[in-house]
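What follows is a set of notes on a single structure, which appears directly below.
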Amino acid sequence: MKREAVQEALARVAAAPWYRGQMASVHVVPARTAETEPLPDVVDPRVAAFLRGRGVTALYRHQAEAWRHVAGGRDVVLSTATASGKTVAFSLPVLDALARDPNATAMFLYPLKALANDQLAFLESADLATEMDLAPAIYDGDTPRVRRPRIRQGSRVVLSNPYEVHETLPYHAMWRRFFSKLRFVVMDEAHRYTGVFGSNVAQVIRRLLRVAEAYGSHPRMVLASASIANPGEHASRLTGRDCAVVDRDGSASGARHVVFFDAAAPDAGSPHVQTRDVFASLVRAGLKTLCFTLSRRTAELVASLAMEERDPLPVAPYRAGYLPEDRRRIEKGFRDGTYRGIVSTDALELGIDIGDLDAVVVSGYPGSVSSFWQQAGRAGRRGEDAVAFWVAFEGIVDQYLLRHPETLLDRAYERATIDLANEHILAGHMLCAASELPVAVPDGREPEQSVARKLEGAGLVHKTDYGYVFAAPSRPHEAVKLDSIGNETVSLVDAEDGDLLETIDLERACREAFPGAVYLHEARTWVVEELDLATRIARMRRKDVGHYTHALSSKNAEIVATHRDRPAGAATASFGRIRMTHRVRGFLVKRYDRVIGGGDLELPERRMETTGLWIDVPWTVLPAGTDAGGLPAALGALHAFEHALVGLAPVAISCDAADLAGFSTIAAPHSGRPAVFVYDGHEGGIGLAERAFTDLPRLVRMVRDLLSRCGCEKGCPACCYSARCGNDNQPMDKAGAAVLAGALA
Amino acid sequence: MGADRREEIAELLKRRLEELRERDAARGSGPFGSRRPSPSHVPVPVPVPVPAPFPVRVAAHSPEPDLADLRRRLLERAGGRPLRDLLGGDEVPGCPGLFEVRDGAPAPIAPRPDVLSSLAASLWLVPGIRAGLAAKLCAAGFRDVRRLCDHPRFGPQARRVCRAIDLGDPYRLMDLLATRGARSHPLALALHALLDPSDLLFLDIETMGLFGGSPIVVAGLARVSGDRVELTQLVAASPAAEPALVRRTADAIAASPGLVTFNGRSFDLPYVGLRAAYYGAPLVADPVHFDLLPHSRRAYRGRVPDCRLDTLARHVLGEDRGEDVPGALVPLLYQDYLAAPGRRAGLLAAIADHNRADVVQMVRLFGALAGAA
């Protein structure tokens, strides 16, 4: 669309009767012209013809660079934006190699299924056009058993995911043909392999490459990722290889107008209704609009609100849970104009071809800058302007980003984290590896040697001339989950029919699924009837209720070992291993913000050893005396500071909000004095608190700015309230925390 | 990270694996059918005369019989004797930890039917002809496949079938039967008659787990010689001996034109294949495979409470094993043995005994089934 059309659309919004001044700022990301090179001559003619048939007559600079690196024998990581032609970039060298060697094979890995389907379609059309007998196929949990032998014996291109690879590796004998000639392993959406999941996948990849090696293959790794700050480091931690980085995007794009829209503005109403309003306004202006929401239920809600209007709009909801034929129908309708708007969860974020969009509405913060851009970046026909509305909710991170748009606008803002040192993860995967091929640990290699010896001591592996051999009943692969560390999970089950709804870890279950708790599953409320810790099952029933529940818990932190320390303004910050104990002791029942009831709970104390940072805070920078409630005033300041620190960390260090936790006290066990702890919420730690420690000065400055600029009186969800607080956000002293932050910066 | 912490991690994993094992044990009846006695079953008439009436063992209803009790009895029986004595076999020179035990037992000779004639008379072998049509063709005078060779519609296919029959190659004929969906047809078993009795390898393995990632602990290999079965058992006194065990087993399979197992298509053969690949020497052999489980199901369904080998032995052969280690407990017992191999040799010996019983009864069952063909 033309620039004028964008201006018109914004003016329409501003003039709407529902508008309350929510548009906080508009930023224009400049257009970019394409940098291209001709298709290299050496590309196999069948592959070249296939590409030309798809309209690819030249290569963007980054596609050509990727090609050159692979041709030069290097592993590659491509870190460019959505819709920049990454598929062609990584498929080209693979298809070319497969054309030259009729026995060569390749594996494509995806973190989620939807993308695999798209890639399959692409490869099938390549197969048809080039007649290379690729027989591309998806091999994952949904692949019917009867088709599996054929794929194992005949497919040259296999698409799968890390979970399936994890489960299938012990059966490598059945994949002998495939592994013997494995030339490429392609990992798309590589930035999603971060945190606990990423750390586990990194070990799965190492196991995969080890098996390939045993069959004489040394496949090239080709990774494609959204823009992140550390593509090379991430790729090398994920794969164990030194990868060449290609991050200069040579594709064309029109100018993007990014509108920061504050749904927490006064008198503005429900953020979902506001989303509907913006979405409807854009669709009415004749713009083809895609709206992303955080949950499936919200997607349906917004869509139905849009269709309810007195002048119903041709829009449709869309989500991964729909049947494939429905999804195809909606996509087609969007392409041909039957639908002018679609409301979706991030299913569409993952690359489905729906034609070009004029506008995107991103409702809520999708959890990471790269996810935001994968959604917002969909808007824009080639070379033309596009508009993206970001609807910020209340909440520390959203409000921070609203006030610091440069964070969201810097695409390569995020760092992906992978921890290669967590010994839980190492031990679990070593056990799996030992059941795939004997594990030979080089002398002196730590921590592998010690881990192996301990596994041997527990009778799980046996040392032989070949290496460590797995020697126990049952499959270790079932004991090692890729999404979590440690193995204590609780299944949330529908009390009505026994259906498994979700699996969450034990800690979270004690906090959110205690008997009587109101639990939110897919944006619907359920009431927990029973939590059986022996069988690890929580039974809950679907019920619409007017209240919500909030767990009350007590925590304590002991320091096991200090690894490092540094000054932090007037205080000292340290990093090391800590032991957290946590007990849920009761709960509150609340309606809106009012407490209407509560109860006690008898839940066991949970212990966890992990990594964390702590700040020893001197009394001098804390408020003196007692507060209105009779508690030491210092407590409120520490508490608010802790919340802000933990609340902002996901933005500062790029992690999931659930991966970090905090604790503050005026009498820490190790010192008897005030301290604030921030620690990894996963057994053994996964490097997040460490990163926060390294970045502490910046993080503290962000907290200082947030607290001092927030317009609230004593604290609010935008600056220091946390939905997870075990003390129901009491006591809370924002001003004291702002002073504290200033003294620590 | 401290040593204690690492130990905790290892123990956590161990506990989790035990939970999984218990869950699997509580869940399944496995491929052999229910452990519960069926309400009305009629004992199958026994083709081989029963020497004396054996007491019928009461089926255990609990999925996992008292392990501690069993352990105690087995160790008592062993009386602290060394493994070598208990097994009655020696360590293989050059393969420390690998014991070889040789033994023999009587086994009725399996009948050798005229399988080629029977095949020729089976019109349904021809693709396109099913039972109903076969009957009609037969009534119309096409009594065997040879007469169909000039048939306008089925000629070419019939000629192909005839060629296979004339070649008398059990491998091709088994393939043919498989494509006709008749892998567990008595004729498939009767194909053994095209092989020399000494060509058949009877195989049964005991493993530390079900999924192929755990070691094989005992491999029972047997051949018939006249009216006796000659059995060789390879026993791994430690996982370090497994590579040699696997190599010898794989070599034996590769050298045998025919293989007889009980549920070996799903379990024993793939398992040996996985272990061979685990040690870097993939198993490439592909003998004619006679798996007695599907044949047993077909022959005895509804007439036996389940198709476990010991159940079939009891009802079909009239043999009772008495005190025997249940196959499902082998992994646990071996794990227990490994924790103190010097003192617990009795556990491994009991596993070897169980394997011996399995192999011998499998050979005898083969005789019974082959006779029914």
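The values are calculated or read from the model by the stated rules, or taken from the named source; none is laboratory data. A quick note: this is a predicted structure, and the numbers were derived from the prediction, not measured. Neighbour counts are summed over all protein chains in view; Cβ atoms, including those assigned to glycine, are modelled from backbone coordinates with ideal geometry. Side chains included, ligands, DNA and RNA excluded: accessible areas come from the protein's heavy atoms. Shrake-Rupley method; radii C 1.70, N 1.55, O 1.52, S 1.80 Å.
For the list (1) buried (at least 21 other Cβ atoms within 10 Å of the Cβ); (2) in a strand (DSSP E or B); (3) more than 10 Å from chain B (Cβ to nearest Cβ), I need the number of the one condition that A:C510 fails. Condition (2) is where A:C510 drops out. If you go through the stretch A:107-118 and keep only what is under 22 Å from A:R220 (Cα atoms), modelled with pLDDT under 95 and out of contact with any helix residue (DSSP H, G or I) (no Cβ under 7 Å at 6 or more places or on another chain), you end up with just A:A116.
Yes or no: the stretch B:218-229 includes at least one residue that is in a helix (DSSP H, G or I), modelled with pLDDT under 95, out of contact with any His (no Cβ under 6 Å at 6 or more places or on another chain) and open to solvent by 10 Å² or more (accessible area, probe 1.4 Å). No, every residue in the stretch B:218-229 fails to be in a helix (DSSP H, G or I), modelled with pLDDT under 95, out of contact with any His (no Cβ under 6 Å at 6 or more places or on another chain) and open to solvent by 10 Å² or more (accessible area, probe 1.4 Å).
Filtering the stretch A:434-453 to residues that are more than 10 Å from chain B (Cβ to nearest Cβ) and within 22 Å of B:G273 (Cβ to Cβ) leaves only A:V439.
In this structure, A:R52 does not qualify as at pLDDT 90 or above, open to solvent by 30 Å² or more (accessible area, probe 1.4 Å), out of contact with any strand residue (DSSP E or B) (no Cβ under 7 Å at 6 or more places or on another chain) and over 23 Å from A:D127 (Cβ atoms).
Taking the criterion of being open to solvent by 50 Å² or more (accessible area, probe 1.4 Å) and touching a helix residue (DSSP H, G or I) at 6+ places or on another chain (Cβ under 7 Å), the residues of the stretch A:628-658 that qualify are A:D656, A:A657.
The strands (runs of 3 or more DSSP E) found wholly in the stretch A:152-250 and carrying at least 3 residues that are more than 14 Å from A:L109 (Cα to Cα) occupy A:243-246. Annotation note: Cβ proximity below 6 Å between a residue of the stretch A:722-745 that is under 21 Å from A:G625 (Cβ atoms) and open to solvent by 20 Å² or more (accessible area, probe 1.4 Å) and a residue that is at pLDDT 90 or above and of a type in the set (V, I, T) (sequence gap 6+ or interchain) occurs for A:A743/A:V621. Residue count for the stretch A:610-627 under the criterion of being within 14 Å of chain B (Cβ to nearest Cβ) and in contact with a helix residue (DSSP H, G or I) (Cβ under 7 Å, 6 or more places away or on another chain): the result is 1. Of the candidates A:E35, A:E65, A:E4, the single residue that is open to solvent by 50 Å² or more (accessible area, probe 1.4 Å), touching a residue at least 24 places away in the same chain (Cβ under 8 Å) and among the acidic types (D, E) is A:E35. Looking across B:L167, B:L148, B:L116, B:L123, one residue alone is of a type in the set (A, V, I, L, M) and within 28 Å of the chain's Cα centre (by Cα). It is B:L116. Of note, B:D268 does not satisfy the criterion of being farther than 21 Å from B:V217 by Cα, at pLDDT 95 or above and touching a Ser or Thr at 6+ places or on another chain (Cβ under 7 Å).
Only one of the listed residues (B:A158, B:A140) is more than 14 Å from chain A (Cβ to nearest Cβ), open to solvent by less than 20 Å² (accessible area, probe 1.4 Å) and not charged (D, E, K, R). That residue is B:A158. For the stretch A:387-405, the criterion of a residue being in contact (Cβ under 8 Å) with a residue 24 or more places away in the chain, within 21 Å of the chain's Cα centre (by Cα) and more than 30 Å from A:G269 (Cα to Cα) is satisfied by no position. The residues of the stretch A:144-176 that are of a type outside the set (D, E, K, R) and within 13 Å of chain B (Cβ to nearest Cβ), listed by number, are A:P149, A:H166, A:T168, A:L169, A:P170, A:Y171, A:H172, A:A173, A:M174, A:W175. Listed by position, the helices (runs of 4 or more DSSP H) inside the stretch B:238-355 whose residues that are within 13 Å of chain A (Cβ to nearest Cβ) and touching a strand residue (DSSP E or B) at 6+ places or on another chain (Cβ under 6 Å) number at least 1 are B:242-254, B:268-278, B:330-339.
Apart from one condition, A:T143 fits all of (1) buried (at least 19 other Cβ atoms within 10 Å of the Cβ); (2) of a type in the set (V, I, T); (3) within 28 Å of the chain's Cα centre (by Cα); the exception is (1). Just to check your reading of the model, which residue among B:A276, B:A352 is touching a residue at least 24 places away in the same chain (Cβ under 8 Å), closer than 21 Å to B:G209 by Cα and touching a Phe, Trp or Tyr at 6+ places or on another chain (Cβ under 9 Å)? Answer to the check: B:A352. The number of residues in the stretch A:364-385 that are open to solvent by less than 30 Å² (accessible area, probe 1.4 Å) and either in contact with a Gly (Cβ under 6 Å, 6 or more places away or on another chain) or assigned to a helix (DSSP H, G or I) (or both) comes to 10.
For the stretch A:454-491, the candidate set comprises residues that are more than 8 Å from every other protein chain (Cβ to nearest Cβ), more than 16 Å from A:E436 (Cα to Cα) and modelled with pLDDT of 90 or more; within that set, the residue that is surrounded by the most Cβ atoms within 10 Å (Cβ to Cβ) is A:L482.
Would you be able to say whether some residue in the stretch B:174-187 is buried (at least 24 other Cβ atoms within 10 Å of the Cβ), away from every other protein chain (no Cβ under 14 Å) and not basic (K, R)? Taking every residue of the stretch B:174-187 in turn, none turns out to be buried (at least 24 other Cβ atoms within 10 Å of the Cβ), away from every other protein chain (no Cβ under 14 Å) and not basic (K, R). Of the helices (runs of 4 or more DSSP H) lying entirely inside the stretch A:264-349, those containing at least 3 residues that are closer than 21 Å to A:D118 by Cα, in the same structural domain as A:I396 (by TED's automatic domain parsing) and open to solvent by less than 20 Å² (accessible area, probe 1.4 Å) span A:324-336.
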